[in-house]
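Here's the structure, in structure tokens; my notes come after.
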Amino acid sequence: MILTHAHWLTADGTFQEGSILVEQGRIRLEPGDPGPEPGPDVLDATGSLVLPGLVDPHVHLRQPGQSGKEGVANGSRAAAAGGITTLLDMPNDRPPTTTAARVAAKAAIFRQRCRVHWGLHVQASRRPVDVDPSIVASAKLYMARGSPAPAIRDPDGVEAVLRRWPRVTVHAEDEARFDPQRRPHDLARPREAVVAALATLESALRRIPEPRRPRLVLCHASTREEVAWVRRLKAEGFDLWGETCPHYLVFTADDAHRAGARLQVNPPIREPADREALLEAVSDGALDWIGTDHAPHRLAEKTGPNPPSGIAGAEWALPLLLRLRDRGILSWRRLVEVGCARAATCYGIAGRDGIREGAVADLVLVRPSRMPQSEPPVTRAGIHPYQDVPLDWQVQATVVGGVVVYRDGVFPEFQGELPGRRVIP
Ligand code: NCD
Ligand code: ZN
């Protein structure tokens, strides 16, 4: 395929004009040449910006076991609509993805159903498991229960996980500090739980001799304490990476209290000062990327008496990043880092460091136009978490390895193999 009349963002944050040719799934740039006349396999990019596809290392597509909440086919469509071309799926499935057999069974589902590139996280458990670390993105350590498998929060348990796996992603809330009877949600899961989890992690890391320490990813940072912790440990040379999510950058606890279950999420959304610290960290690079933590639940569950936590975000991912760009939080160059390059580097996914010669042809066409939030969303979550937030960019088309997977609200059907490839290993 070829993108003609293209205006693309380069990895150094500048724009170039010309055409983008895709050869065997890879990018070839023709600066200055607008390309051929319209025809088959020609995508005219007049009036749009061409951006690199996003790498979202934190989604919950909920298959196997809970495809009624989303499922791989539908969730990967939502991702494509949000400009995500590579996703890494979390392991809190039913049953939880904790063994080699379960990783293999889950991979078979993704191979058949995932529209975009994909990889899998395994869930760390106390029992020794037979999973080869090289076939998963990371071992996810839940220090608060977020899965049918129990949490691991005690110092020895945490240390054992950090010793066992070369890459660990962590949900850093110590569930022993929860007070489930309290309301609202952010008091039931107070920030002290985060601070306690960080202390446990830090002392466990320090007990492990430096060459044997794992790479650690702090998932969904939501507090100023996490920002300070990441800054301090990075400055000391720890192999630590920090993620935050769009909802922590857009909303505050007051918004969450008003919205109720719609914005109920773990960890909870906190105070304006937390949001400020997170925005600053995303801007200056202390935090590495913005993952959506796409965590859909059914509308009936969310509006019921005991609503589950989780916000669906994949579908709004790139418009939300562009909103941060428009507000001066992200430069174009930072947008490439935060949107794809940093996560790709952390997880060892090649060819996702921005639009350049030879990179994987994962591309998104966007145009400046208000995103409509009145129609039903693609996600089975069925609600627009950002309904009151004006989003001034729309994804027009998403290209995965040179194949259009989304265009103007339509998802082409595929006979046989899907364009999404497994990226890890
Ligand atoms: C997660 C989910 O729904 O899978 N929810 C969330 O609010 N992030 C699980 C969890 O992390 O508690
Ligand atoms: Zn999550």
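Of the numbered conditions (1) polar (S, T, N, Q); (2) under 17 Å from Val403 (Cα atoms); (3) within 15 Å of ligand 1 (Cβ to nearest atom), Gln112 satisfies every one except a single condition; which is it?
(3)
Residue check, His220 against (1) touching a residue at least 24 places away in the same chain (Cβ under 8 Å); (2) at positive phi; (3) more than 16 Å from ligand 1 (Cβ to nearest atom), all met but one. Which one?
(3)
Taking the criterion of being charged (D, E, K, R), in contact with a strand residue (DSSP E or B) (Cβ under 7 Å, 6 or more places away or on another chain) and in contact (Cβ under 8 Å) with a residue 60 or more places away in the chain, would at least one residue in segment 3-14 satisfy it?
To start, the set of residues in segment 3-14 that are charged (D, E, K, R) comprises 12.
Then drop every residue that is not in contact with a strand residue (DSSP E or B) (Cβ under 7 Å, 6 or more places away or on another chain), which leaves none.
No, because not a single residue in segment 3-14 is charged (D, E, K, R), in contact with a strand residue (DSSP E or B) (Cβ under 7 Å, 6 or more places away or on another chain) and in contact (Cβ under 8 Å) with a residue 60 or more places away in the chain.
What is the number of the single condition among (1) more than 14 Å from ligand 1 (Cβ to nearest atom); (2) in contact with a Lys or Arg (Cβ under 8 Å, 6 or more places away or on another chain) that Pro272 does not meet?
Going through (1) more than 14 Å from ligand 1 (Cβ to nearest atom); (2) in contact with a Lys or Arg (Cβ under 8 Å, 6 or more places away or on another chain) one by one, Pro272 breaks only (2).
Which is closer than 16 Å to Val395 by Cα, buried (at least 16 other Cβ atoms within 10 Å of the Cβ) and under 26 Å from the mean Cα position of the chain (by Cα), of Gly71, Gly53?
Only one candidate passes the filter, namely Gly53.
Please find, among Arg207, Arg231, Arg262, Arg215, the residue that is in contact with a Pro (Cβ under 8 Å, 6 or more places away or on another chain) and more than 27 Å from Ala300 (Cβ to Cβ).
Values: Arg207 fails: in contact with a Pro (Cβ under 8 Å, 6 or more places away or on another chain); Arg231 fails: in contact with a Pro (Cβ under 8 Å, 6 or more places away or on another chain); Arg262 fails: more than 27 Å from Ala300 (Cβ to Cβ).
Result: Arg215 is the single residue among Arg207, Arg231, Arg262, Arg215 that is in contact with a Pro (Cβ under 8 Å, 6 or more places away or on another chain) and more than 27 Å from Ala300 (Cβ to Cβ).
If Ser48 meets every condition in (1) in contact with a His (Cβ under 8 Å, 6 or more places away or on another chain); (2) among the polar types (S, T, N, Q); (3) surrounded by fewer than 16 Cβ atoms within 10 Å (Cβ to Cβ) apart from one, which number is that one?
Checking Ser48 against (1) in contact with a His (Cβ under 8 Å, 6 or more places away or on another chain); (2) among the polar types (S, T, N, Q); (3) surrounded by fewer than 16 Cβ atoms within 10 Å (Cβ to Cβ), the one that fails is (3).
Looking at segment 394-425, which of its residues are touching an Asp or Glu at 6+ places or on another chain (Cβ under 8 Å) and either in a strand (DSSP E or B) or aromatic (Phe, Trp, Tyr) (or both)?
Gln396, Ala397, Val399, Val400
Here are some conditions: (1) touching a strand residue (DSSP E or B) at 6+ places or on another chain (Cβ under 6 Å); (2) more than 16 Å from ligand 2 (Cβ to nearest atom); (3) acidic (Asp, Glu). Glu243 meets all but one. Which one does it not meet?
(2)
Exactly one of (1) touching a helix residue (DSSP H, G or I) at 6+ places or on another chain (Cβ under 9 Å); (2) in contact (Cβ under 8 Å) with a residue 60 or more places away in the chain; (3) within 15 Å of ligand 1 (Cβ to nearest atom) is unmet by Asp89. Its number?
(2)
Answer yes or no: is there a residue in segment 204-219 that is within 16 Å of ligand 2 (Cβ to nearest atom), closer than 20 Å to Ile311 by Cα, modelled with pLDDT of 95 or more and assigned to a helix (DSSP H, G or I).
no
Scan segment 53-92 for residues that are within 12 Å of ligand 2 (Cβ to nearest atom) and not hydrophobic (A, V, I, L, M, F, W, C) and report the count.
Number of matching residues: 8.
Testing Leu330 on (1) hydrophobic (A, V, I, L, M, F, W, C); (2) surrounded by fewer than 24 Cβ atoms within 10 Å (Cβ to Cβ); (3) assigned to a helix (DSSP H, G or I), one condition comes back false. Which one is that?
(3) is the only condition that Leu330 fails.
Which pairs have Cβ atoms under 6 Å, sit 6 or more apart or on different chains, and link a residue in segment 166-194 that is more than 16 Å from Pro307 (Cα to Cα) to one that is assigned to a strand (DSSP E or B) and of a type outside the set (A, V, I, L, M, F, W, C)?
Arg167/Arg215; Thr169/Lys140; His171/Tyr142
Of all residues in segment 286-319, count the ones that are β-branched (Val, Ile, Thr) and away from ligand 1 (no atom under 11 Å from the Cβ). First the steps, then the outcome.
Initially, segment 286-319 is screened for residues β-branched (Val, Ile, Thr), giving 290, 292, 303, 311.
Okay, now just the ones that are also away from ligand 1 (no atom under 11 Å from the Cβ), so 290, 303.
Here the count works out to 2.
Being away from ligand 1 (no atom under 15 Å from the Cβ), modelled with pLDDT of 95 or more and touching a Gly at 6+ places or on another chain (Cβ under 8 Å): is that true of Val158 here?
Values: away from ligand 1 (no atom under 15 Å from the Cβ): yes; modelled with pLDDT of 95 or more: yes; touching a Gly at 6+ places or on another chain (Cβ under 8 Å): no.
In short, no.
Looking at this structure, is Arg323 away from ligand 1 (no atom under 16 Å from the Cβ) and free of Cβ contacts under 8 Å to residues at least 40 places away in the same chain? If you could, list the steps in order and put the result at the bottom.
Working: away from ligand 1 (no atom under 16 Å from the Cβ): yes; free of Cβ contacts under 8 Å to residues at least 40 places away in the same chain: no.
Criteria not met by Arg323.
In this structure, is Glu37 more than 30 Å from Asp288 (Cβ to Cβ) and of a type outside the set (A, V, I, L, M, F, W, C)? Break it down into steps so the answer makes sense when it comes.
On the way: more than 30 Å from Asp288 (Cβ to Cβ): yes; of a type outside the set (A, V, I, L, M, F, W, C): yes.
Yes.
On the basis of being at pLDDT 95 or above, among the aromatic types (Phe, Trp, Tyr), more than 28 Å from Thr86 (Cβ to Cβ) and surrounded by 16 or more Cβ atoms within 10 Å (Cβ to Cβ), does Phe110 make the cut?
Details: at pLDDT 95 or above: yes; among the aromatic types (Phe, Trp, Tyr): yes; more than 28 Å from Thr86 (Cβ to Cβ): no; surrounded by 16 or more Cβ atoms within 10 Å (Cβ to Cβ): yes.
For Phe110, the condition - at pLDDT 95 or above, among the aromatic types (Phe, Trp, Tyr), more than 28 Å from Thr86 (Cβ to Cβ) and surrounded by 16 or more Cβ atoms within 10 Å (Cβ to Cβ) - is not met.
The values are calculated or read from the model by the stated rules, or taken from the named source; none is laboratory data. What you see is a predicted model; the values in this text were computed from it and never measured. Reconstructed Cβ throughout: ideal geometry from the backbone, glycine too, with neighbour counts over all protein chains shown.
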